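Take a look at the structure set out below.
The values are calculated or read from the model by the stated rules, or taken from the named source; none is laboratory data. Worth saying up front: this structure is predicted, and the values here are computed from it rather than measured. All Cβ positions, even for glycine, are placed from backbone atoms using ideal geometry, and neighbour counts span all protein chains on display.
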Amino acid sequence: MRISMIFLYCLISLNQYVSLNQRKPSDQFLVFVNGERTDALRIANKYGFRLMYEIFPKRFVFQRIEKNHDRRNFTRTRTASLLARESRVLYFQQQQYNIRVLRNSTVTFNDSKWKDMWYFNLNTTDVIPDQGFLRAWSKGYTGRGIKIAIVDNGVEINHPDLITNQITELAFNFMDGTTNPSPDSGASHGTKCAGIATAVANNGHCIVGAAYEAKFVALKMMDNIGSTSTSEAGALSYRINDIDIYTNSWGPVDRNGFHRPDSIVLQALENGINQGRNGKGSIFVWAAGNGGPDDNCNCDGYVNSIYTIAISGVGYDLYSAHYSEPCSVIMACTYGSDDLEYFVETTDLNGQCGRFTGTSTTAPMAAGILALTLQANMDLTWRDIQHLVVQTSKPHNLKGGIWKTNAAGIRYHEYYGFGLMDANALTEEARKWKGLPKFRKCSSILQTVNLSLNTP
Ligand SMILES: [Ca+2]
Ligand SMILES: [Ca+2]
């Protein structure tokens, strides 16, 4: 019986060696010595090993110290056959390096542009703050179960980096009333936005979406001529119990005065926060605008709605991106392209990878972050989400302009809102969040005072 068991051990060891022979061999050996430490020491010395330690009784770890030995062929060496014949050695097994990952924030992907996605790959430092993606992803917050509408000029739905993350049956084209959301010729904007939010990860192609396991819904609300108020309202109120987040990287022409959305669009936003997600409220994310310092997004009625979450852009140098515009309604920022050296990578038409710029990149990146947040806590209301963004976004050392403290004692910046979004902090806080009371709207009776503005 004993001989049979030893034979079985030898078979197992041999099989392991054959099946795992792609792994790098180690110079360590597990040696089962039927004896004491002194016996193990004697055997180690006799065959050119160093006794390293004893794991538990009779199981010793030897290290090969023989010079110029060939690790790979050890089991076929004369030393090995002599060691096997040693009466006190019941079995031995050369160790091989196990492929193991450290369970910190180390996440990596095989997508072709992954190495260029600096905004996901920053280490946590105070110098260049990161957005917490790697830590959130490593905990399993990838957007699974969340649906993001790409409200835009259409999406190339057959793109290899998008096709498996879309929900075809929910797609809609509000310009022609069909279910085909394909873009007009040369219209790449929506395809680029979709990639940033939800491109497929680890498929070897292009990029990794911010919420790479969320699903997207292509809602085409504009074509190469423009949109209509009905196409805008139709998209923003479409399937509000199925879609969680609507990301919007469009708006009125910049540096062109005040713009108020039509009543039907304002009604769509209000209806979304009241009725969407079965009463918890649709999440409307909005690009703050590309008018730069010469514009002010307070003038943009989509961005300054209390129902939308406006996101600006900061560059790798921690200054406001040159296109990003200031205003009091910006909630937070994400990293954006500096158009010089640090770009935002995404998906482009004809199955290609491409680069993208402007606050059009920041809204889908933020929408992705909020998808991770909703995955962490599906009960969050539209107000909870806004409060969480305020609480978790950080000023860090974002530069330029002046950080002020608002009446609630929270630091605020006209270019960055409450600071850089943090996917890890949002998902962590979301799990603990207790929920806010319902939204209350207070108004006073309109009074006609019949006085001049100059009246003291
Ligand atoms: Ca990919
Ligand atoms: Ca603007």
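Some observations on this one:
- The criterion of being outside any strand (DSSP E or B) and in contact (Cβ under 8 Å) with a residue 24 or more places away in the chain does not hold for residue 332.
- Whichever residue in the stretch 106-162 is outside any loop (DSSP other than H, G, I, E, B) and of a type outside the set (A, V, I, L, M, F, W, C) and, among such residues, is surrounded by the most Cβ atoms within 10 Å (Cβ to Cβ): 152
- Boolean, residue 294 is within 13 Å of ligand 2 (Cβ to nearest atom), touching a residue at least 60 places away in the same chain (Cβ under 8 Å) and surrounded by fewer than 21 Cβ atoms within 10 Å (Cβ to Cβ): no
- When residue 323 is tested against (1) within 16 Å of ligand 1 (Cβ to nearest atom); (2) in contact with a helix residue (DSSP H, G or I) (Cβ under 9 Å, 6 or more places away or on another chain); (3) part of a loop (DSSP other than H, G, I, E, B), just one condition goes unmet, and that condition is (1).
- From 257, 279, 272, residue being more than 16 Å from ligand 1 (Cβ to nearest atom) and out of contact with any helix residue (DSSP H, G or I) (no Cβ under 8 Å at 6 or more places or on another chain): 279
- Residues within the stretch 286-315 that are of a type in the set (S, T, N, Q) and closer than 22 Å to residue 272 by Cα, tallied: 4
- Within the stretch 194-206, not a single residue is farther than 18 Å from residue 143 by Cβ and either more than 29 Å from the chain's Cα centre (by Cα) or not assigned by TED's automatic domain parsing to the domain that holds residue 146 (or both).
Yes/no per residue for (1) of a type in the set (Gly, Ala, Ser); (2) within 16 Å of ligand 2 (Cβ to nearest atom):
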residue: 210; (1), (2): yes, no
residue: 219; (1), (2): no, no
residue: 224; (1), (2): no, no
residue: 231; (1), (2): yes, no
residue: 235; (1), (2): yes, no
residue: 240; (1), (2): no, no
residue: 255; (1), (2): no, yes
residue: 262; (1), (2): no, no
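- Only one entry in 285, 303, 314 is within 24 Å of the chain's Cα centre (by Cα), among the hydrophobic types (A, V, I, L, M, F, W, C) and under 27 Å from residue 145 (Cβ atoms), namely 285.
- Among helices (runs of 4 or more DSSP H) entirely within the stretch 348-445, having at least 2 residues that are among the hydroxyl-bearing types (Ser, Thr, Tyr) singles out 362-376.
- Near pairs, Cβ below 7 angstrom, 6+ apart or cross-chain, from the stretch 374-401 (free of Cβ contacts under 8 Å to residues at least 60 places away in the same chain) to any residue that is outside any loop (DSSP other than H, G, I, E, B) and not hydrophobic (A, V, I, L, M, F, W, C): 377/431; 388/373; 388/429; 391/429; 392/429; 395/411; 395/413
- Strands (runs of 3 or more DSSP E) contained entirely in the stretch 192-300, each with at least 3 residues that are over 18 Å from residue 359 (Cβ atoms): 215-220
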